[in-house]
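Have a look at the structure below, then the notes.
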Amino acid sequence: MPIKKLVLSMPFLAALAAFADTDVDRAAFRAIYEEMVEIDSSPSTGSCTKVARAAETRLRAAGFTGDELQLVVPEGKPEDGNVVARIRANGATGKGVLLLAHIDVVDARREDWERDPFTLIEEDGYFYGRGSADDKSMAAVFLDLMIRLKQERDFRPRRDVVMALTCGEETSNRVNGVDYILKNRRELIDAAFALNEGAGGLLAEDGKPLALQVQAGEKIHQVYSLQVTNPGGHSSRPEPDNAIYRLAAALQKVAQLSFPIEVTPVVREYFRITGPMLGGEVGAAMTALAKNPADEIALATLLRDPTYNAQLHTTCVATRLDAGHAANALPQRAVATLSCRVMQGTTPEQVKEALERAIGDAQVRVAIEQRRDGSTAPELTEEVMGPVREQAARMWPGVPIAPLMASGATDGRFLMNAGIPTYGLSGMFATADETNAHGLNEKRRVKSLYEGREFLEAVVRAYLR
């Protein structure tokens, strides 16, 4: 009788052991995620190198040695460190797969946040913290995956897998890690294609998955300045020609400027797939515009939504002001910074000309402050999309896959221009603008983070089989 009881208990014990292993793995991943978020890597007060070194320590403990692991710190920029790790395939005949995530984050001031931005806080189903979504969630997933793959005795990939955790995506104050490595050590990250940030999944307000997104192309971030100069003078003798007033008038014209509508093939397909799933007024407008890109009523509806407005044309918005030199003096100089997200195929010079025409004032000097080269959208090949479809069908049955043009810029443009097709893919679902990346109280759904981890692991393993 006791023996029979023991035999009948074995499946239960095996299941319990499997659960325990999964639970331990998840705890190890969460520790990586927490460590990353809690190391300040913002440009003003933080260090990417500290994050890179923390990742390096974990990778060495997992067994990465020699040239399998490289810490890349640009000369003269000691805080702009990057880390690259590679698992080599025996007898590989083709290039490998690159897993890319940036580890720098946007500045965050404690006094503005409800919670400490550099403490990972789990609350009401969300992880809060600067970088919790952009982009330390993917960085932690890739680091965790590389560690576990390295430790698997029976792991025999048919191609190399490379992970690059890089700095400088969020700011021009730092050396861009991807650009630097491509120019100086391309062999470290050369690959057949790359997975990157830039797309997740769209949730309905009730939490139902509507569409899994795959980024295929992105707008290009260009920075412009508007500058007005003036002789100035004593503030007790106001002049009609005031640099601040002239600049303010120019900014009002920029605020009213609408660049030409461009319903690209990728955006049209995204609207076609997502519209019926989203429903409501916005979903109906998506469906209508996908059928007829000249539908003015549908277009007007989508232009009122900041998310979809950004996908339909180039946008420019004022982000900084600097004017005057003393409280009791007329301003001698007034400068505004514009952040422009430019559609692929539009040059920085064309945007500059459009701004000058809209402002119509020769005394307002328009200058290109940061000129970035554009890139083209990668082809959604079967090699890339086959595993995505297979895993998506398993995890989210019936949820369609929608190609997405990202309105924000990523480091994918450097890889694309270097001939490495790059796809935004995370499997981390959210409602529109939910994560508030770059803003206050940035967050990632706990459920979405763990689902994205599972999804990305399955897709990467399929690429390596």
Can you run phi through the Karplus equation (6.51, -1.76, 1.60; θ = phi - 60°) for region 285-291 and list ³J(HN,Hα) in whole Hz, with x for Gly and Pro? 5, 4, 4, 5, 5, 5, 6
So how exposed is residue 172, as accessible area in Å² (1.4 Å probe, rounded to 10)? 70 Å²
Based on the Cβ-Cβ distance of residue 67 and residue 153, what FRET efficiency does E = 1/(1 + (r/R0)^6) give at R0 = 25 Å, to the nearest 0.05? 0.70
Here, residue 381 and residue 124, labelled 7 Å along Cα→Cβ, have an inter-label distance in nm of 4.5 nm
Roll a 1.4 Å probe over the protein heavy atoms and report the accessible area of residue 97 in Å², nearest 10. 0 Å²
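With r as the distance between the Cβ atoms of residue 394 and residue 272 and R0 = 25 Å, compute the FRET efficiency 1/(1 + (r/R0)^6) and round to 0.05. Walk me through the numbers on the way to the answer.
Numbers: r = 24 Å, r/R0 = 0.96.
That pair, residue 272 with residue 394, gives E of 0.55.
Compute the Cα gyration tensor for region 397-465, then decide on rounded, prolate or oblate, letting a ≥ b ≥ c be the square roots of its eigenvalues: rounded whenever a/c is under 1.5, prolate when a/b is larger than b/c in the other cases, and oblate in all that remain. Mind showing how you got there, number by number?
Working: a/c = 1.82, a/b = 1.12, b/c = 1.63.
Oblate is the answer for region 397-465, as a/c is 1.5 or above yet b/c matches or exceeds a/b.
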How many angstrom separate the Cα center of region 204-283 from the Cα center of region 89-157? 29 Å
Taking every DSSP beta bridge with both residues inside the chain, roughly what % is antiparallel (nearest 5)? 70 percent
What is the angle, in °, between the Cα long axis of helix 348-359 and the longest principal axis of the Cα atoms in the chain? Nearest 10 is fine, range 0 to 90. 40 degrees
Treating the angle as unsigned and between 0 and 90°, give the value, to the nearest 10°, between the Cα long axis of helix 136-151 and the longest Cα principal axis of the chain. 30 degrees
List, in the order given, every pair from 183/219; 183/352; 136/443; 50/150 whose Cα-Cα distance in the structure shown is over 19 Å. 183/219; 183/352; 50/150
At 1.4 Å probe size, what's the solvent-accessible area of residue 330? Round to the nearest 10 Å². 20 Å²
The chain - percent of accessible surface contributed by carbon and sulfur, probe 1.4 Å: 51 percent
Note down the magnitude of the dipole of the chain about its Cα centre, charges +1 on Lys and Arg C-beta and -1 on Asp and Glu C-beta and zero elsewhere, to the nearest 20 debye. 900 debye
For residue 208, list the lysines whose Cα falls under 18 Å from its own Cα; do not include residues on the same chain fewer than 8 positions away. 447
Stretch in the chain that is longest and holds no GluC sites (Glu not before Pro) that DSSP places in a loop and that have at most 15 other beta carbons within 10 Å: 206-378
Taking only protein heavy atoms into account and a 1.4 Å probe, give the accessible area per residue of region 190-332 in Å². 48 Å²
Before anything else, pin down the relative contact order of region 95-195: Cα pairs under 8 Å, at least 6 apart, normalised by residue count, whole percent. 44 percent
Theoretical ellipticity at 222 nm over the chain - DSSP helices of four or more residues, -39500 (n - 2.57) apiece, nearest 500: -12500 deg cm²/dmol
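The values are calculated or read from the model by the stated rules, or taken from the named source; none is laboratory data. All values derive from a computational prediction rather than experimental measurement. Ideal geometry is used to build each Cβ from the backbone, glycine not excepted, and the neighbour counts take in all protein chains shown. For accessibility, only protein heavy atoms count, side chains too; no ligands or nucleic acids. Shrake-Rupley method; radii C 1.70, N 1.55, O 1.52, S 1.80 Å.
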